[in-house]
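What follows is a set of notes on a single structure, which appears directly below.
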Protein chains: 2
Amino acid sequence: MDLLLSAANSALLTAHDLRRDVEVGLFLLGPPDPPRFIRLVGYQLRSWQPDVRSNAALVRKALEHASRVEHETSPGIFASKASFEEALDRLGPSFVYLKEGGKDVRDLLVPADATFVLSDNQDLAPEEERAVLRRDALVVGLGPTSLHADQAISIVHNELDRRHV
Amino acid sequence: MDLLLSAANSALLTAHDLRRDVEVGLFLLGPPDPPRFIRLVGYQLRSWQPDVRSNAALVRKALEHASRVEHETSPGIFASKASFEEALDRLGPSFVYLKEGGKDVRDLLVPADATFVLSDNQDLAPEEERAVLRRDALVVGLGPTSLHADQAISIVHNELDRRHV
């Protein structure tokens, strides 16, 4: 959970602001009732904080909603029970899959409105990886070192910020 | 404290390992008994974790040591009471000052064994900035967006990793 919340903060926060043009999708497979999908919609969020502990409370509240019909459990936070493929299809339309050994992000032409897919400290399962690749994802790497998700996201944002994407 | 611990993790951790060639200096001005200086020496650390909560306990233990004589409070963790200038002089020998508007890191020739100086969500005080600049610090920026310390550190590491520095 801490790892997910750190990654979400890397995706959503700058020094003094929220990135309102970002949407984060958290896909959770942990017990007791997986799979769960939580969307954090930057321009609608109101109580997201640099402090991960207060955000943990918002995510726990979202996890109480286990219906397949998506529900807004807090402003800008949408929860549902959804498969990995369903989660991908609510994001998109184009995909970039961050994976060691992929084409260097610095050489990448970023598709419009792209969703960047990355896993936590475990790699995607083979069937998850196939689901991403079936959606024509570009496979992209960030450099020679294996990183935590939050570190990888900071590097991607920096690359996109430099291009004013 | 959370902000410092996140920054330390960005500096010290890769996906599955500790960066043993990194030394982190944390300079703390908070109550009750500032200033405090804590060094985290990568190759000597033994119980540093991705989980910031367990690291918080190590830092709190270090803060119990308020002598001006540095003491190793846990393996690889060295604590003392020290001024900002004393802290800088225990790091070095060359300095890079990360500041918005500085010369782009991608164009930077990194000095050998450089110490990267950055502040939390408040800028350095004018006298602190002068202390850094008196030590011939290069003033370096990371791109167009103001970032949190942990995000900035991830971007710097990525740049250095790409050069195998």
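Rundown of residues vs (1) more than 21 Å from residue B:8 (Cβ to Cβ); (2) surrounded by fewer than 17 Cβ atoms within 10 Å (Cβ to Cβ); (3) under 14 Å from the mean Cα position of the chain (by Cα), yes/no style:
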| residue | (1), (2), (3) |
| --- | --- |
| A:115 | yes, no, yes |
| A:130 | yes, yes, no |
| A:136 | yes, yes, no |
| A:154 | no, no, yes |
From B:27, B:37, residue being touching a helix residue (DSSP H, G or I) at 6+ places or on another chain (Cβ under 6 Å) and under 18 Å from residue B:114 (Cβ atoms): B:27
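The rows are residues; the columns are (1) farther than 26 Å from residue B:52 by Cα; (2) not assigned by TED's automatic domain parsing to the domain that holds residue A:13.
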site	(1), (2)
A:47	no, no
A:68	yes, no
A:73	yes, no
A:76	yes, no
A:80	yes, no
A:102	yes, yes
A:106	yes, yes
Listing of helices (runs of 4 or more DSSP H) fully contained in the range A:81-165 that carry 1 or more residues being within 14 Å of chain B (Cβ to nearest Cβ) and either at pLDDT below 95 or under 16 Å from residue B:154 (Cβ atoms) (or both): A:149-162
Criterion (surrounded by 15 or more Cβ atoms within 10 Å (Cβ to Cβ) and either free of Cβ contacts under 8 Å to residues at least 60 places away in the same chain or of a type outside the set (Asp, Glu) (or both)) met by exactly one of A:109, A:98: A:98
Members of the range B:34-80 found to be in contact with a Pro (Cβ under 8 Å, 6 or more places away or on another chain) and either assigned to a helix (DSSP H, G or I) or touching a residue at least 40 places away in the same chain (Cβ under 8 Å) (or both), listed by number: B:44
Some residue of the range A:33-47 being at pLDDT below 95, under 27 Å from residue B:4 (Cα atoms) and more than 13 Å from every other protein chain (Cβ to nearest Cβ): yes
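The values are calculated or read from the model by the stated rules, or taken from the named source; none is laboratory data. Here the structure is a predicted model, which means the values were calculated and not measured. So basically every Cβ, Gly included, is an ideal-geometry build from the backbone, and we count neighbours across all protein chains shown.
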